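The structure appears below as structure tokens.
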Amino acid sequence: MAKLKAPPEIDLERLNEIVSEHARKRWALIPLVQEVQAEFGFIPPRVVPIIANKLHLFPSEVQGVVSFYEQLYTEPRGRNIVRVCRGTACHVRGGKAILKLVKRQLELEENETSEDLEYTLETVACLGVCALSPTMVINNQVCGHMNPKKVKELFKREGEG
Amino acid sequence: MDRQTVFVCQGTGCLSSGSQAVYDALKLEVEKLEIPCVKIDFTGCHGFCEQGPIVIVEPRGIFYTRVQAEDVPEIAEAHLQNGTPVQRLFYRDPVSGKAIPHYREVNFYQKQQRVILQNCGHINPEKIEQALESGRYGALKKALLKMTPAGVIDEIKKAGLRGRGGAGFPTALKWEFCSNAPGSKKYVICNADEGDPGAFMDRSILEADPHAVIEGLALAGYAVGADEGYIYIRAEYPLAVKRLRLALKQAGEKGLLGENILDSGFNFTIKIKEGAGSFVCGEETALIASIESRRGMPRPRPPFPAQSGLDGRPTVINNVKSLAAVSAIIGRGAEWFSSMGTEKSKGTVVFALTGKVANSGLVEVPAGTPLSTIVFDIGGGIQRGKKFKAVQTGGPSGGCIPAQHMDTPVEFENLSRLGSIMGSGGMVVLDESTCMVEIARYFLSFTQSESCGKCTPCRLGTRQMLEILTRITQGRGRDSDIEALLNIAKTVKEGSLCGLGQTCPNPVLTTLQYFREEYEAHIKEKKCPAAVCDALMISPCQHTCPVGIDVPRYLDAISREEFLEAAEIIRERNPFPAICGRICHHPCELRCRRGELDDSLAIRALKRFVTDWYFDNIDKIPPPEPFTVLKPQKVAVVGAGPCGLSCAYFLARMGYSVTVFEALPVGGGMLSVALPEFRLPDQVIQKEIEYIKKRGVEIKYNSPVNINFTVDDLKKSGYDAVFIAAGAQKSQQIGIPGEVEDLEGFYYGLRFLRDVKIGKPVRVGKKVIVIGGGNVALDTARTAVRLGAEDVEIFYRRNREEMPVSELEYEEAVTEGVRFNFLVSPTRIVSSNWKATGLQCIKMELGEPGKDGRRRPIPLAGTEFFVEADAVFASVGQAPDLSFLPPDSALERSRLETLAVDENRLSTNVSGVFAGGDFVTGPGMVIEAITAGRRGALAIDKHFKGDPARVLIYDQRKDVLPLGIAEGEEEHLDRELEEETWKPQYRPQVPRLQAEERKRSFKETELSYSGAEAVQESKRCLRCDLEI
């Protein structure tokens, strides 16, 4: 778990801008929180009442939506999001072993972020690149045909980069 | 020069393999070399990502695979400039190894019929002009200007299109419901939330041909009367989102979307909604909830979305593929579409073929194509020569279909009948090294985590099933688990609200239906037949070895040149290492993990090396001591074959006094009687038996147990238990006219081999026919060669793939001149004057697969033929000979004329009498006989102790002490590991006798590794037993 000294500063002005923009549209909540997440890296719990207010929803409704979807995050995440695929094709071709190695390399469990906020490790049920299994993706860079050597090289490079 | 266009694939797969760099490099290089009339363009996903980055040069259709930026200068100069394609980049057929330059001839593409995928990989998806050129929006134009909405629905109805999202509901019907629903505001939605793991065709279509989907959606809107459309797409597909947004913009600019499209008065706009990571949002009511920014939880239906959907309005939801098909149907006509496929499943179906298959990628075929065509013809069969096990269709909602149903034509109804579903089209191929219990657990873990939690059966049921399956894979299965799973599965299926819950038990149900024995092995024997479940095993080789030899440890001993230690490790579990080192069928090697990298360890050959060394140096080694007799009970073993002698050995080791009764003057059973000298020298057998005798086992030869001295008599003479291991040496009859054993020139193979082995003179003549395809048949044929036959032919009723013999043996037979005639069956043994003159035969063809997955041969009428021969041998199998038991013996027989015996404890119905090996199971492999011997010993021991528990044969590990690493050596080790190469290292060839020399003598054909070779080979072992 990422241990922070103090919650990060949120630019409330910018937040209000985003909320106002979306508030005019229909069914705005999910695209709104997705943009908040794109801007701040996550959805700070503090913004829930603000959003609820502007969209005329109960805070529990907003919270309910945010907590339902796997890709809406309420905690800061690392600079590099590492997603290892656990889809069927990847599983059959050794995806479990790749995940084990990545966990060991990054010293993280699933859904954990490193203390220095450099990496977040997640698994995804399928990346849709099944023909290159086993696969993983770092930010938007897909890495196919993974093997132990590639795992090592990938994170060595990232670390040095 | 003709104008050439180079298409570089820029689908997600190829991009990740470096195709952007290839594209950029090509552009630069062509400019640099100033090659005229060449255009460099990019396309979307071909659906053959494994071979990427893919580059196609039109108009010749040259297909390059695995292209990297470094290859570009060569392509530019040799091909584009000088017209000579670059051969080394051609596609290589995984089965034949042949290079195929033209993509139209590549099996993978040639056997497909790409309708929905027709543009994928052939047009640039970011240039609407190319889509227009290929015909997109022609259908929309036709519909808007020449057809009515009802006419459009009618056309789709005539085409018989069924939804390609998974459920297969007739599309036209859904549209009709929506169109007829009251209200003027309606919606159409494209479901692009392709959540099924293993499916990526929707992604490919969106990245490669987005206009197909846009047009399809617009057509749907026109048909039902909607002016607004949504495309709900998963967030995990960023490239598809990007291309879609661009395509929408370009379509708008061309007046193909928006107000008054093509002056028809039809308004239609499309918005994109991105998902936020929830599999269940692929379900239509959950999807609608998600668009409305609510929690993605399904709701009960009726009302169906066609009546009341998005915002309570009539809504149609169609899958990406369905919409692409709509575009094709309106464009080319319903008749054309419905001419493909079967009666109830019209048109083509798209599959994502992945898993252990050689050609992984997107496959589109007419519905009704047999599964075997898809997997073996188009898919190229299983990688690494492993055996096919099952195909998982339909993602986590689907089921596993085993080999026996491989000929099933793929269509909606057939798949449901087998317990699976068509689903999203995902098709994952599983081979013999896949554990079916683990697969069921895997799918459950997926559906359990994606269950929205709304309804109790799904929420709790998935958790329960997952818990049970996890326990089973960890060796904590209980006898009641299978029943429990079936019960919970039924409840979840019947009580769940949406498709996720209703179908998530399918993987469990189908694996239980077709692979129940795997579950039972995990629960009862704590064994994973595929050697996958880590918690049950120490290393896959040891686990797969029926007798459980600690392979990595003895390989390690060899690597340290401690050959005596290695021999002793083997003998902990197997008293016949020299024999197994020569003839074992080595199941361990098939599971060796090193085999996934380059070549599995030559475990059998290494075992042979160790034992040869042992016997060569026997004078320098302290002789083996007899085991101390610690217990009062005495045991009698009937039969001094591998099973009987193993039982005796292990009993002696446990401290019992044992006597073996053997009818023949020699020990070894089937081994000494049936195995020819050139495969297993008699001397080797005798030495092994000597070893066992030295360990304190008493063997009485020429002491048959029969009507004069029965099993009862044995017990009366003071033996507290009897183990019957009399083997299976009665030859099976073929059952054809003319089959008379006394006929001169007609022999049963087994009898013939025995006669030769004991030195009886046998004349075979010049022309010999051997009927059969197993080890005995091959041995018979090769022996005939050595006795002077000039023309030896084997007639087998199946084909090469079905022959239960190793590659090695087959090759040796061929090298020695044996000819093979496959798919032939004898119908009559022709004789004259009590002498065989030849064989009447008929040709066979392979029919439907039977329950074991093997195709049954059926005779082809009218293909009878006669072959002359001097000698005919029949080797079609063996059976146990129970004739030595008196007819009034209390011992119960099974239906198959063998003894009825408890599978686990090997006990008969008479207390104290046990039986095992070939005698009970029929002919089997030597290592299985040895295992049965050990099992018998353990069972007898339990019997004496009054212990009713099951016999459990676990893998056992000796503690391993870590060697200290000296200071400063760590760096050295690291570097060694770095250099430890990823270059493949194959096992050294085992030396063999030259073919000419072989044909004339009975000398052993296979020789041993040298000491240096053995040590080097043993170092390739990955020491899976040390995995943390």
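The values are calculated or read from the model by the stated rules, or taken from the named source; none is laboratory data. Quantities reported herein were computed from a predicted structural model and do not represent experimental measurements. Here the Cβ positions follow ideal geometry from the backbone for every residue, glycine too, while neighbour counts run over all protein chains shown. Just so you know, the surface numbers come from the protein's heavy atoms only, side chains and all, with ligands and any DNA or RNA stripped out. Shrake-Rupley method; radii C 1.70, N 1.55, O 1.52, S 1.80 Å.
Descriptive notes on the structure:
- From the options B:251, B:247, B:289, residue that is free of Cβ contacts under 8 Å to residues at least 24 places away in the same chain and either open to solvent by less than 20 Å² (accessible area, probe 1.4 Å) or farther than 25 Å from residue B:44 by Cβ (or both): B:289
- Filtering the stretch A:110-161 to residues that are under 30 Å from residue B:192 (Cα atoms) and small (Gly, Ala, Ser) leaves A:125, A:128, A:131, A:133, A:144.
- Residues of the stretch B:468-507 satisfying the condition of being among the hydroxyl-bearing types (Ser, Thr, Tyr), open to solvent by 20 Å² or more (accessible area, probe 1.4 Å) and assigned to a helix (DSSP H, G or I): B:470, B:491, B:503
- The lone criterion from (1) within 12 Å of chain B (Cβ to nearest Cβ); (2) assigned to a loop (DSSP other than H, G, I, E, B); (3) in contact with a strand residue (DSSP E or B) (Cβ under 8 Å, 6 or more places away or on another chain) left unmet by residue A:71 is number (3).
- Boolean, residue A:47 is out of contact with any strand residue (DSSP E or B) (no Cβ under 6 Å at 6 or more places or on another chain) and more than 13 Å from every other protein chain (Cβ to nearest Cβ): yes
- Test: residue in the stretch B:248-256 that is under 19 Å from residue B:148 (Cα atoms), more than 14 Å from every other protein chain (Cβ to nearest Cβ), touching a Gly at 6+ places or on another chain (Cβ under 6 Å) and of a type outside the set (A, V, I, L, M, F, W, C): no
- Of all the listed residues (B:241, B:280, B:224), the sole one being touching a Phe, Trp or Tyr at 6+ places or on another chain (Cβ under 9 Å) and of a type in the set (A, V, I, L, M, F, W, C) is B:224.
- Enumeration of residues in the stretch B:242-279 that are part of a loop (DSSP other than H, G, I, E, B) and aliphatic (A, V, I, L, M): B:256, B:257, B:276
- For the stretch B:752-775, the candidate set comprises residues that are open to solvent by 80 Å² or more (accessible area, probe 1.4 Å) and farther than 22 Å from residue B:810 by Cα; within that set, the residue that is modelled with the lowest pLDDT is B:758.
- Restricting the stretch B:438-467 to residues that are under 22 Å from residue A:85 (Cβ atoms) and open to solvent by less than 10 Å² (accessible area, probe 1.4 Å), the residue that is nearest to the other protein chains (Cβ to nearest Cβ) is B:446.
- Residue in the stretch A:79-97 that is in contact (Cβ under 8 Å) with a residue 60 or more places away in the chain, more than 10 Å from chain B (Cβ to nearest Cβ) and either crowded, with 18+ Cβ neighbours inside 10 Å or under 16 Å from the mean Cα position of the chain (by Cα) (or both) present: yes
- Members of the stretch B:213-242 that are among the charged types (D, E, K, R), within 43 Å of the chain's Cα centre (by Cα) and within 14 Å of chain A (Cβ to nearest Cβ): B:234, B:236, B:242
Results for (1) away from chain A (no Cβ under 14 Å); (2) of a type in the set (Ser, Thr, Tyr), shown as yes or no for each residue.
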{"site": "B:260", "(1), (2)": "yes, no"}
{"site": "B:270", "(1), (2)": "yes, no"}
{"site": "B:278", "(1), (2)": "no, yes"}
{"site": "B:292", "(1), (2)": "no, no"}
{"site": "B:302", "(1), (2)": "yes, no"}
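- You will find that of B:104, B:164, the residue that is in contact with a Gly (Cβ under 6 Å, 6 or more places away or on another chain) and either part of a helix (DSSP H, G or I) or closer than 21 Å to residue B:201 by Cβ (or both) is B:104 and no other.
- Residues that are of a type in the set (A, V, I, L, M, F, W, C) and either without any contact (Cβ under 8 Å) to a residue 60 or more places away in the chain or within 30 Å of residue B:382 (Cα to Cα) (or both) were ranked within the stretch B:76-103; the one that is surrounded by the fewest Cβ atoms within 10 Å (Cβ to Cβ) is B:99.
- Looking across the stretch A:47-68 at every residue that is assigned to a loop (DSSP other than H, G, I, E, B) and within 19 Å of residue A:21 (Cα to Cα), the one that is least open to solvent (accessible area, probe 1.4 Å) is identified as A:57.
- Selected residue (only one of B:578, B:605 is of a type outside the set (Phe, Trp, Tyr) and within 29 Å of residue B:696 (Cβ to Cβ)): B:578
- Filter pass, residue B:301 being basic (Lys, Arg) and either crowded, with 23+ Cβ neighbours inside 10 Å or free of Cβ contacts under 8 Å to residues at least 12 places away in the same chain (or both): no
- Considering residues of the stretch B:317-356 that are within 14 Å of another protein chain (Cβ to nearest Cβ) and assigned to a strand (DSSP E or B) only, the residue nearest to residue B:157 (Cα to Cα): B:350
- Taken over the stretch B:305-344, the criterion of being within 23 Å of residue B:367 (Cβ to Cβ), hydroxyl-bearing (Ser, Thr, Tyr) and open to solvent by less than 20 Å² (accessible area, probe 1.4 Å) is satisfied by B:322, B:327.
- Residue in the stretch B:928-938 that is over 30 Å from residue B:679 (Cα atoms), over 34 Å from the mean Cα position of the chain (by Cα) and crowded, with 18+ Cβ neighbours inside 10 Å present: no
- Single residue of A:106, A:127, A:132, A:154 found to be open to solvent by less than 30 Å² (accessible area, probe 1.4 Å), facing chain B (nearest Cβ under 9 Å) and within 23 Å of residue A:41 (Cβ to Cβ): A:127
- Selection within the stretch B:167-199 - over 26 Å from residue B:296 (Cα atoms) and either open to solvent by less than 10 Å² (accessible area, probe 1.4 Å) or part of a loop (DSSP other than H, G, I, E, B) (or both): B:172, B:182, B:184
- Wholly within the stretch B:616-707, helices (runs of 4 or more DSSP H) carrying at least 3 residues that are β-branched (Val, Ile, Thr) and at negative phi: B:682-694
- Pair list, Cβ < 7 Å and 6+ apart or interchain, from the stretch B:9-31 residues that are more than 15 Å from residue B:66 (Cβ to Cβ) to residues that are of a type in the set (Phe, Trp, Tyr) and part of a helix (DSSP H, G or I): B:10/B:23
- Of the helices (runs of 4 or more DSSP H) entirely within the stretch B:730-821, those holding at least 3 residues that are acidic (Asp, Glu) and either in contact with a helix residue (DSSP H, G or I) (Cβ under 7 Å, 6 or more places away or on another chain) or without any contact (Cβ under 8 Å) to a residue 12 or more places away in the chain (or both) occupy B:807-815.
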